[in-house]
Amino acid sequence: MSADSAQELIDAVKRALDSNTNLCITGGNTKSFYGRDPVGEPLLTTIHHGIVNYEPSELVITARSGTLLADIELTLAEQKQMLAFEPPSFGKQATLGGAVACGLSGPRRPYVGAVRDFVLGVRMINGRGEDLKFGGQVMKNVAGYDVSRLMVGALGTLGVLLDISLKVLPTPMMECTLVFEVGHTQALELQNTWAAKPLPISATCHVGELLHVRLSGSEKGIIAARKQLGGEQVQGADEFWCNLKEHRHDFFKQAETLWRISVPPATPALNVSGPCLVEWNGGLRWLKSDIPAQSIRTTIDMVGGHATMFRGGDSENVFHPLQQTVLTLHKNLKTAFDPAGIFNPGRMYEGV
Amino acid sequence: MQTHLADFIRNTIEGREADAILRKCVHCGFCTATCPTYQLLGDELDGPRGRIYLMKQVLEGVTPTSTTQLHLDRCLSCRNCETTCPSGVQYGRLLDIGRVIVEQQVERTEVEKLKRKLLRLVIPYRNRFGPLLKIGQFFRPFLPKPLKQATPAARAAGVWPQADKHDRRMLVLNGCVQPAIAPDINSATARVLDQLGIGLTTANDGCCGALSYHLSAHDEALGFVRQNIDAWWPYIEQGVEAIVITASGCGVMVKDYGYLLRHDTDYAKKAATVSDLTKDISEVLYTEDLTKLKTKSNKKVAFQAPCSLQHGLKLSGKVEDILARLGFSLTTVPDTHLCCGSAGTYSILNPVISNQLKKRKLEALCSEQPDIIATANIGCLTHLESEATVPVVHWINLIAAMSHEK
Amino acid sequence: MSIAPKAENPSLQSQRARVASDLRRVVATDSVLDEEESLRPYECDGLSAYRRLPLVVVLPDTVDQVQQVVRYCHDNDIPIVARGAGTGLSGGALPIEDGVVLSLAKFNKVISVDKDNRTAVVQPGVRNLAISETVSHLGLYYAPDPSSQIACTIGGNVAENAGGLHCLKYGLTVHNVLEIKIVTIEGDLVTIGSNALDSPGYDLLALMTGSEGLLGIIVEVTVKLLTKPDCAKVIMASFDDIEKAGNAVANIITAGIIPGGLEMMDNAAIRVTEDFVHAGYDVEAAAILLCELDGTPEEVDDEIERVKLVLEQSGYTQMQVAKDDNQRQLFWSGRKSAFPAVGRISPDYYCMDGTIPRKTLGSVMSKVDELSRQYDLRVVNVFHAGDGNLHPLILYDGNVEGELERTEELGGAILDLCIEVGGTITGEHGVGMEKIDHMCIQFDTLELSQFHAVKQAFDTKRLLNPDKAVPTLHRCAEFGAMHVHKGQLKFPDIERF
Ligand SMILES: Cc1cc2nc3c(=O)[nH]c(=O)nc-3n(C[C@H](O)[C@H](O)[C@H](O)COP(=O)(O)OP(=O)(O)OC[C@H]3O[C@@H](n4cnc5c(N)ncnc54)[C@H](O)[C@@H]3O)c2cc1C
Ligand code: SF4
Ligand code: SF4
């Protein structure tokens, strides 16, 4: 790593600005499939890597955006801590910046929170080539607008992330996975009943005829919960959850378009045809289907959710369309951060 | 809170008291949350913090208009805000002081003046209110609905056991309207105390003074206060244990006699003694051995805690405890801290808000389908009774009735 | 001497009459306040040291009325300050002289509760605590519980990103709100967020949360509800030294325990609250920690033992586990009423809200103590220790000339200290008007400009709560100059005494 990688990135942005060049902000290039088609000259954030500060007793880690997610996870694991939102990497080269920009969270999300819930602060470059810091390294901070969280899931359309501070959590003392043989509808019902009880559930997944449930907590707590839930215990389940998070589970070996559908968790079985994998107590449904986007979205609109074309399909309409006034706000914000529109243009919506 | 009291008041007794109260308020707004009128109207001016601010302005020399008066009039004097206030702001006292000044500075319309005067001329006097009520009760079946609601049905007085068979003696306040509307309350009290070995007597007292006091006629009120003290004094000298009050609204007032007359050289001491001896009937029963009463009841009772009982006398939970000890099953009542809208003359002067509060209170009281509603104050009793679908009684009557059936 | 109200500019008075009469076409006559007498009680929020008389106050009760009021203001370039319960401690709801105060207090209904998805849709004026009360019979509750929860509104909570006693484990407002409806300055009704766990596009919900009424008027909020834990227990531990208590906090977290709540009070705070709630606090202790553990009974028992051990190693002097739920509630109610209870010993207080890295708790506390002596003003400490969120309450007497100024200076010094140790000037109360000058220290010109650009994206005419939260660069330039000439009045333009 060069002496001042941040400065290099800033200079690169300034040059692009001068030459009116679009930039495609790139980390490990593991998630280029996500979103609308990437355009522009690659701006490699991988040159800017390394953990800046990590204090286990503060539950905070600050790292450069180009740091490998795997490195961060390893460092935390050594201190019995973790990124509780379990970001998917989709490849060894995945960087922290990419994970935050995509805003994707893994199986633990409904129980502990999403990426955005753990972001405490960022240092970033805006579209004027300015080096800015928002938020901080403390648990609570309401000074100024919450720009740090706005960056999460913005797909790099608002700026280049430089450093990111995240809240981390202790890893659970113990985990245990149970499996139940149930059909889709029953699985949804079960998950919903459990969610209404104070149980130490930390992940659920239903696919095919199997419902997996992960429990996390103290030994006594888990034993008590197991008594309530029943089911069979699964050995070596860590791999199962990891495969699920990384989309290495057989379900994801698909030919059809893979839809990521986010709905209120108690939503009954969706009225769309195609195999479906359920996570998040019912709140997240992965659907394999080639039926027209329009028809899927109409169905999902009715239950108050949204549908993303996660992999495959028409790369124009990846994300659920926005209410007109909301889209206008998006465009205004894009202008506020990136007036020349050089960062990942159109990666999210046309003009955004 | 910072204050700059105006010259006209700064160095008076009231001024100093008001200043101390105002300075305690830190403007946190907690009290707005439990204020019934704020809940209904959502205007800062109709909540305690806003009213404190309005009064502060007046005390700081701004001449009020009918707007300030309106918002102070809308206050129920329920003192819920006092219970809520962590800082210990004595809102009720401030209101008493503030209302008088506003009354002096803002002229009411002739109609309003007349209403208030009539209330003050009739209600506190048993010999005026009683006959009028009798006429009303006679014509009750023919009255239009609003008047009918305001006119309670007649009740029988019930037997009063002889007091002198017991060594222990207590005195009970007759008061003004209660003997006319519900003569059965004090007689029931007498019977219950009789079973506990306490003789209950009455003196020739009258209105406790609260009505006039809350209509800002302080001198008139103090007149009543002195009369009562004079009426009671011989009994006190004979050694009555306590002055029992069966209407919590009056209880608050009588317990304040000492404070109100603290600067009256002739009465200060006596008034303090009276206040010390004053007990709500729940306080009396709470410390007695109730096994003598041996009641048994399968009645489901919803207890309505009058503001004067819980916020004025700060006796939350006592009556409930007594009833439970005696085997009554009490329903859970939501929002027990809220006022029913009766609030002395409030129901007559502010009927719209008063009725809204009554509706809410009755809904809350009836949420678990009680057989009967019990209360501890005559005002709340008649107010709730006018629209309740189940009987409303003073809780002491529940106990007396059970003992009677035994 | 009586204070005559500051004479107002006559043109303001004629504007007031005009605006009031225009607004009375939209809302009921008595829902527009325009007499000075009625406007006064609206001149401040929970920070009563800062006061300004608004042009008018309007109290709409339908969303349509809000839209019409906002459109009218937009068309006529009239600033708008939204107001919930007015419990804010940073002057966020401080009116603007030529602006309208838009109160949402009449919006106090819970619209619907979705038991299966565990959400509730509420109007913005619903009190925080009222939500939990409404859903309690379903075994649910709304987690963020600011100390002011009895009174503060959910709209105000969203606008401030309010925190609470249980935010260490369950998050702040931003973590517990799913969807909001806002009225934009153009008068459009816009839905932000969704009933699902995430929503497409930018995280506007996070941006709106904590935006202090500068980006839109919140007219509806969908909150996430949690299942009440089976079991909750609270440990109260006393310490004879405040630094020890501070270290105990860090030790608990380091041990891998995330308590439901972890709060601290110093001796002065213990005494004043004990006076109000009679909770049985140890009034001799230099500091007490309240540590709540919740979950299944088995988990709680486990954790109680672990916490006890840590506390022992941290050198507590006394320890007590609340014997039942009533006592647990009592322990918390004391903590919750701590700020106003201070009114028992001082006519005024000024509450700071800096947040610092936990490990600096001990040293910052001693430094604050030093500053307190230096400025000769008492400081009472009650705070969200687990989050490192300090609330030094500076006690002063507004009637004593110069004390408020000295208090503000001390407050400023404490904020400087928080920034110095890597913290922030506000953890949950917001910048409002009170800390606006310190924004110039925490952020540089470019960052502030970026904030202004965000504001521009929502509110081109800068009409929504315009002079709050983010200082103009001009203001910062002046503040910089003022820092040089110490002792000048902080906000010469605000009525104060
Ligand atoms: C004793 C005390 C203890 C407190 N404890 C805590 C605590 O533990 N944690 C904490 O976080 N805070 C605390 N606070 C601060 C305060 O209660 C919170 O900031 C609360 O969120 C304010 O809510 P409110 O309804 O009173 O809003 P207000 O004070 O009326 O307004 C606050 C801000 O929000 C804006 N606003 C209000 N409603 C809307 C709306 N509908 N749309 C857009 N903008 C709006 C206003 O313009 C203003 O900028 C405390 C305050 C007091 C007095
Ligand atoms: S609760 Fe007490 S201190 Fe707070 S505003 Fe009300 S009266 Fe004032
Ligand atoms: S006395 Fe009752 S009505 Fe009056 S301000 Fe207090 S709470 Fe409100």
Reach of B:Lys292 by Cα under 15 Å, taken over aspartates and glutamates that are not fewer than 8 positions away in the same chain: B:Asp194, B:Glu405
For the stretch A:294-326 the residues that are at least 40 Å² less accessible with all protein chains than alone, 1.4 Å probe, are A:His306, A:Gln323, A:Thr325
At 1.4 Å probe size, what's the solvent-accessible area of C:Ser337? Round to the nearest 10 Å². 10 Å²
Beta bridge orientation in the protein assembly as shown: antiparallel %, DSSP, nearest 5: 75 percent
Any idea of the accessible area per residue across the stretch B:97-198, 1.4 Å probe, to the nearest Å²? 54 Å²
Specify the angular offset, from 0 to 90 degrees and rounded to the nearest 10, of the alpha carbon long axis of helix B:91-105 from the longest principal axis of the alpha carbons in chain B. 60 degrees
Below 28 Å Cα-Cα, how many Lys pairs turn up in the stretch A:73-222? Only count pairs eight or more apart in sequence, or on different chains, if you could. 11
Taking alpha-carbon centroids only, the stretch B:333-386 lies from the stretch A:174-200 a number of Å equal to 47 Å
Per residue, how much accessible surface does chain A expose to a 1.4 Å probe? Answer in Å², no decimals. 37 Å²
Working from Cα positions, state the angle (0 to 90°, nearest 10) between the long axis of helix B:126-139 and the longest principal axis of chain B. 70 degrees
Where B:Arg49, C:Arg71 fall by accessible area, highest first, once all protein chains stay in place (1.4 Å): C:Arg71, B:Arg49
For C:Lys323, the lysines lying under 20 Å Cα to Cα, once residues fewer than eight places off in the same chain are dropped, come out as C:Lys228, C:Lys233, C:Lys308, C:Lys336
To the nearest 10 degrees, how steeply does helix C:242-254 sit against the main Cα axis of chain C, on a 0 to 90 scale? 90 degrees
May I ask you to rank C:Glu133, B:Glu385 by accessible area, largest first, using a 1.4 Å probe over the protein chains only? C:Glu133, B:Glu385
The stretch B:219-346, accessible area per residue, ligands and nucleic acids excluded (1.4 Å, Å²): 41 Å²
Residues of the stretch C:128-172 losing 20 Å² or more of accessible surface, assembly versus chain alone, probe 1.4 Å, please list them. C:Ile150, C:Ala151, C:Asn161, C:Leu168, C:Leu172
Which value at 222 nm does the protein assembly as shown reach when only helices count, each DSSP H run of 4 or more adding -39,500 (n - 2.57), with the total divided by all residues and rounded to the nearest 500 deg cm²/dmol? -11500 deg cm²/dmol
Largest-first ordering by accessible area, 1.4 Å probe, given options C:Leu417, C:Leu129, A:Leu44: A:Leu44, C:Leu129, C:Leu417
Using a Cα-Cα cut-off of under 16 Å, which lysines could be cross-linked to A:Lys253, ignoring same-chain neighbours fewer than 8 residues away? A:Lys245, A:Lys288
Accessible surface of the protein assembly as shown, 1.4 Å probe, proportion on carbon and sulfur as whole %: 51 percent
Any residues in the stretch A:150-174 that have 40 Å² or more less accessible area with all protein chains than in their chain alone, probe 1.4 Å, and which are they? A:Leu150, A:Pro170, A:Met173
As a test of the definition: with a 1.4 Å probe, what buried accessible area, both sides summed, do you compute for A against C, in Å² to the nearest 100? 6300 Å²
Quick one: Cα centre-to-centre distance for the stretch C:54-107 and the stretch A:127-159, in angstrom? 29 Å
Express in Å², to the nearest 10, the accessible area of B:Thr151 obtained by rolling a 1.4 Å probe over the protein heavy atoms while all chains stay in place. 20 Å²
Between B:Thr63, B:Thr336, B:Thr265, where does the largest GNM mean-square fluctuation fall for chain B, given springs only between Cα atoms within less than 10 Å? B:Thr265
With a 1.4 Å probe, what is the total accessible area buried between chains B and C, in Å² rounded to the nearest 100? 3500 Å²
Give the accessible area for A:Asp71 in Å² (nearest 10); use a 1.4 Å probe, count only protein heavy atoms, and leave out ligands, DNA and RNA. 80 Å²
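The values are calculated or read from the model by the stated rules, or taken from the named source; none is laboratory data. This structure is a prediction, so every number in the text was calculated from the model and none was measured. Keep in mind that these areas ignore ligands, DNA and RNA; they rest on the heavy atoms of the full protein, side chains included. Shrake-Rupley method; radii C 1.70, N 1.55, O 1.52, S 1.80 Å.
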